[in-house]
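Working notes, structure below.
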Amino acid sequence: MFELILSAAIIGITYSIKSVFVLSKSLGRKRRWLVTSTYTLVTGGLFMYFFITSRDFQELRENNPALLDFVVGGFFTLMVTCLVMGLFHLVEDIIWVMKAIVRSVRGHSKVAEDLGGSKMTRSTFISKLGLGAGALALGSFVWGFTKGKFGWRIVEEELAFDNLPKSFDGTKIIQISDLHLGSFREQFEPLKEAIQLINELEPDYIFFTGDLVNTYFWEADPWVPVFQELKAKKGKFSILGNHDYGYYGDTSDEEQAACREGVIQRNKDMGFTPLINEHAILEENGERIGLLGVENWGESHWFPKVGDVSKAREGMPEVPFTMLLSHDPSHWDLHVQGKEDIDLTFSGHTHGAQMGLRIPGVLELSPAAIMFKRWAGLYKEGKQHLYINRGMGYLMMPGRVGMPPEITFMTLKSKA
């Protein structure tokens with residue numbers, strides 16, 4: 001993955017330089033070379049600074065997280081802006097090579113370089129397109145790394161089930177996920193705003209589907225009083241995510257075990273009932289449904305594989321409708337869908353890659369689609385449903401670009 005990102009950055013910078021060179025043609029030879037050289041030095045210098053500084057990732061994370069956010073954010077902004085800016089020329093070169101091969105095979109002469117007799121050459125036109133797209137990308141990333149990461153979006157869903165008892169018709173559930181409180185560095189006001197938004201929805205239940213912290217349980221300590229303010233009429237339940245096991249720092253087995261226990265305790269302190277391969281029975285007017293909560297289970301070898309639905313079911317009475325909290329959606333694909341009698345599963349984990357392009361009601365694109373089979377929103381297979389929350393927090397990339405932090409507001413309806 002690192003090699004892929006580095007290659008993308010180098011390609012983007014190289015082709016963005018070509019765009020600048022083409023666009024500065026009208027300035028004359030000397031000014032053209034001055035502008036292009038200046039752009040190359042500034043862009044290349046920033047890239048080298050971000051790259052060299054980020055190599056001390058662990059030290060920066062421990063001692064200077066603000067600088068780490070600046071470096072990582074600056075690197076992604078530079079990389080994507082240059083890549084978008086130069087992408088048009090990259091495509092042009094690919095097409096040119098393909099045409100050259102065809103012309104060589106067929107013996108045709110070279111085609112004209114301008115557009116339909118216009119005075120503007122094709123390269124100039126493409127460079128202007130790239131410049132506009134690059135400016136849009138730059139603005140989007142600057143916004144995403146400043147205001148966008150706190151631009152809470154409430155996503156409303158309504159699901160109807162044949163087997164949901166009538167007493168639960170209209171049940172309102174809030175799902176939040178992937179808080180990663182270590183990334184917020186005590187920026188309390190934005191999260192207080194999110195909590196106020198949740199409380200105004202007056203949910204019956206709040207489900208938190210894991211990743212309270214980044215690496216250490218104590219990252220959650222300043223936030224306990226803040227999340228104690230979350231209000232649910234009938235209960236708040238939580239599970240663990242892959243980051244809640246302390247695997248991602250230079251930690252010993254003892255420290256990892258302490259992180260897990262510490263996160264469980266912080267969940268309790270915040271007013272959640274942790275379901276650690278356990279279940280709860282939700283009751284309304286004498287009718288009951290089941291809620292299972294499992295530890296993390298992830299398909300990747302990097303992630304803990306300790307989630308156990310069978311263990312969570314132990315001792316649970318027979319109920320007509322069952323929900324599951326499981327952090328990683330790959331668990332649903334491999335161990336739940338078509339294998340367990342579970343009607344609705346809530347997951348998180350993917351963050352929607354914290355980056356995407358969304359046209360409401362039309363499409364939603366994200367690099368997450370490359371990494372995950374199911375990465376955001378609602379999925380249905382047969383009578384089983386999976387909902388993947390895009391997360392409230394952020395990790396690594398210190399912001400959200402076109403992928404706002406999500407609060408899911410789900411209403412259950414009974415067809416019975």
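What follows is calculated from the coordinates using simple rules that are stated; it is not laboratory data. These figures come from a predicted structure and were not determined experimentally. Positions of Cβ are backbone-derived with ideal geometry, glycine not excepted, and every protein chain shown enters the neighbour counts.
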**Complete:** Cβ-Cβ cut-off under 11 Å around Asn277, Lys and Arg +1, Asp and Glu -1: the net charge is -2
**Prompt:** Long-range amide H contacts for Val401: which residues qualify at under 5 Å (H placed 1.01 Å from N, peptide plane, sequence gap of 5 or more or a different chain)?
**Reply:** Met355, Gly356
**Fill in**
When the charge dipole of the chain is computed with +1 at the Cβ of Lys and Arg and -1 at the Cβ of Asp and Glu, the Cα pointing farthest to the positive end, of Val71, Gly12, Phe372, is that of Gly12
**Item:** Per residue, the convex hull volume that the Cα atoms of the chain enclose (Å³)
**Value:** 183 Å³
**Item:** Projected label distance in nm at Val42 and Ile5, using a 7 Å step from Cα toward the beta-carbon
**Value:** 2.5 nm
**Request:** Per residue of the stretch 280-286, in order, report the coupling 6.51 cos²θ - 1.76 cosθ + 1.60 (Karplus, θ = phi - 60°) as ³J(HN,Hα) in whole Hz, putting x for Gly and Pro.
**Result:** 9, 9, 9, 10, 9, 6, x
**Message:** Placing +1 on the Cβ of each Lys and Arg and -1 on the Cβ of each Asp and Glu in the chain, which of Ile126, Thr209, Tyr248 has its Cα farthest towards the positive end of the resulting dipole?
**Reply:** Ile126
**Fill in**
Interchain or sequence-distant (5+) residues whose placed amide H lies within less than 5 Å of the amide H of Thr350 are none
**Segments 304-315, 42-53 sorted - mean Cβ within 10 Å per residue, highest first** = 304-315, 42-53
**Item:** Phi-based couplings in Hz for the stretch 295-309 (Karplus 6.51, -1.76, 1.60; Gly and Pro marked x)
**Value:** 5, 5, 9, x, 4, 5, 5, 6, 9, x, 10, 10, x, 9, 5
**Leading residue at positive end of dipole, the chain (Cβ point charges), from Val97, Gly361, Ile195** = Val97
**Message:** How large are Rg and Dmax for the stretch 286-416 when calculated on the C-alpha trace, in angstrom?
**Reply:** 15.7, 48
**Prompt:** Using θ = phi - 60° and the Karplus form 6.51 cos²θ - 1.76 cosθ + 1.60, what ³J(HN,Hα) does each residue of the stretch 405-413 get, whole Hz, x for Gly and Pro?
**Reply:** x, 10, 10, 8, 10, 10, 10, 8, 10
**Item:** Kirkwood Rh (inverse of mean 1/r, distinct Cα pairs), the stretch 243-350, angstrom
**Value:** 14.9 Å
**Asked** the stretch 2-146: Rg/Rh from Cα coordinates, Kirkwood Rh?
**Response** 1.08
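Arrange the peptides 212-220, 178-186 so that the one whose residues have, on average, the most other Cβ atoms within 10 Å appears first.
Numbers: 212-220: 22.4, 178-186: 20.0.
Answer by packing, highest mean first, reads 212-220, 178-186.
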